[in-house]
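Okay, so here's the structure we're looking at.
Read the figures in this text as sums done on the coordinates, not as results from a lab. Here the structure is a predicted model, which means the values were calculated and not measured. For neighbour counting, all protein chains shown are included, and Cβ atoms are generated from backbone atoms with ideal geometry for every residue, glycine included.
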Amino acid sequence: MLENIRRYRQDLHQIPELELDLPKTQNYILNILNSYPCQICSPIPSSVIAYFNNHKKKTIAFRSDMDALPVEEKTSCTFKSRHNGRMHACGHDGHMAMLLGLADYLKENYKRLNVNVLLIFQPGEESPGGAKLMCETGFLDIYHVCQIYGTHLWPNLKKGLIATKTGPMMARSSEVDIDIHGKKSHAASYQQGIDALEISANYLTEVYSKVKEIPGEVPYLLRFGKMYSGDIRNVVSDHTRLEGTLRALDDAVYHQLTDILKSTAKKYPGSFDFHITEGYPPVKNDAALIEKLLTFLPDLVLLNKHEMISEDFSWYQQYVPGVFFFLGTGTGIPLHNDHFDFDESILEKGVQNYIQILEHTKSIG
């Protein structure tokens, strides 16, 4: 198994593609699965789902993301990206390799299971959110999916450790763009203008102050990483743009943050235009499923800390109960880093975790 998984990962690592346009990645997966005893289709372009039909009433699904990042690779590995400016710097090549490794197991063993199995290869996790597009096709209902599982490589966990968290695990996230419109005037007669730069500075300071006053222990954040304004040093700016991110593990807090953004703007001159993306829901793992998993996965670690990054696996959990796992690389090399790499032997542990779930389907319903 490990030999195959390593080959899958290294092959896929060399052909990184972005967002929802992944023809080479899709073809690679199809070339492997086409000879397997499964039904294959593509609910959205570049996606692949493989259905191992065991003629049972229920189906368990496993999902992998497929897309890479616009990063120039700087590792010294022998199987570096062949696409300039693109790299699997978030482990999605490893995620796909695990699912293909699971397909190898299913090829010989699916008929002795108590369920049907659906493997989901999904594009566009990084952007624009392929999971929602997949779910909107209705394929989860078509294949009678009752549970779904996914895994993400995690640099800050011990090598080979598999962990999860009951309930909220990863944050809901949205991108926030704010355009503040004022009126130009010469700096010498600034009183005749409406200074969008001054407004934005005061507005941002007030928003940050109000955000800090939100009570409760549920993590959240609202930060702006980009601000630009004006055209020339001695002319009052008539436009400022703020670009930031909004994240929360609780929907009520999320809406409180958006209310702060909009209500604070009402006291300032000029006009404000807000664009807040729908983003991804929080990853919330099913407590009942985790309780059952712990009965036959003795090495599964329960985390007590939330993560403020997001993952569109959460869209599947809006439709069916699911659990998302972290698989430790032990390297400490951050996700999205141009040196991101890992020991491929950990991928076999991820596959074995999936196999144990399938072989204990009577225990999890």
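Mean residue ellipticity, 222 nm, helices only, the chain: the sum of -39500 (n - 2.57) across DSSP H runs of n ≥ 4, divided by residue count and rounded to 500, is -9000 deg cm²/dmol. Taken as Cα centroids, the range 66-112 and the range 296-340 sit 16 Å apart, rounded to the nearest whole angstrom.
Determine the sum of side-chain charges near residue 84: Lys and Arg each +1, Asp and Glu each -1, restricted to other residues whose C-beta is under 14 angstrom from that of residue 84.
That works out to 0.
In a DSSP loop and with at most 15 other Cβ atoms within 10 Å, the trypsin sites (Lys or Arg not before Pro) in the range 133-226 are 158, 159. When only Cα pairs below 8 angstrom with a gap of at least 6 residues are kept, the chain shows a relative contact order of 24 percent. Where both partners of a DSSP beta bridge lie in the chain, what percent of those bridges are antiparallel, to the nearest 5? That works out to approximately 65 percent antiparallel. Counting only lysines at least 8 places from residue 305 when in the same chain, those with an alpha carbon closer than 27 Å to its own are 132, 158, 159, 165, 210, 212, 284, 292, 349. Applying the criteria of a DSSP loop state and at most 14 other Cβ atoms within 10 Å to the GluC sites (Glu not before Pro) of the range 259-330 yields 278. The dipole here belongs to the range 172-276: it is taken about the Cα centre, uses +1 on the Cβ of Lys and Arg and -1 on the Cβ of Asp and Glu, and is about 200 debye.
Between residue 175 and residue 221, the modelled labels are 1.8 nm apart [label points 7 Å from Cα along Cα→Cβ].
Work out, step by step, the length gained on full extension between residue 72 and residue 331: first 0.36 nm times the residue separation, then minus their alpha carbon distance; give nm to one decimal.
Working it through step by step, the gained length comes to 91.3 nm.
Normalised by the number of residues in the range 172-276, the average gap of Cα pairs under 8 Å and 6 or more apart makes the relative contact order 44 percent.
Ranked by the mean number of other Cβ atoms within 10 Å of their residues, highest first, the peptides 81-88, 150-157 fall in the order 150-157, 81-88.
Between residue 148 and 61, 322, 323, the built amide H atoms are under 5 Å apart, and every one of these is 5 or more places off in sequence or on another chain.
The slack between residue 319 and residue 35, meaning 0.36 nm per residue of separation minus the straight C-alpha distance, is 99.2 nm. Considering the range 172-276, its Cα convex hull presents a mean projected area of 6.4 nm².
With a Förster radius of 25 Å applied to the beta-carbon distance between residue 44 and residue 302, the computed FRET efficiency rounds to 0.15.
Just to confirm a number: summing +1 for Lys and Arg and -1 for Asp and Glu over residues other than residue 72 whose beta-carbon lies under 13 angstrom from that of residue 72, what do you get?
Working: positive: 74, 80, 82, 86; negative: 73, 338.
So the surrounding residues net to +2.
Packing-based ranking of 328-340, 194-206 yields 194-206, 328-340, ordered from highest to lowest mean Cβ neighbour count within 10 Å. Measure out, as a whole number of angstrom, how far apart the alpha-carbon centroids of the range 1-26 and the range 180-216 sit. Computed from Cα coordinates, the inter-centre distance equals 47 Å.
Across the options 229, 356, 330, the greatest Cα extent toward the positive end of the charge dipole of the chain (unit charges at beta carbon of Lys, Arg, Asp, Glu) belongs to 356.
The residue among 253, 33, 214 whose Cα reaches farthest toward the positive pole of the charge dipole of the chain, with charges on the beta-carbon of Lys, Arg, Asp and Glu, is 33.
Assuming charge only on the beta carbon of Lys and Arg (+1) and of Asp and Glu (-1), the dipole of the chain about its Cα centre is about 660 debye to the nearest 20. Counting only Cβ charges, +1 for Lys and Arg and -1 for Asp and Glu, the dipole size of the range 233-365 around its Cα centre is about 620 debye.
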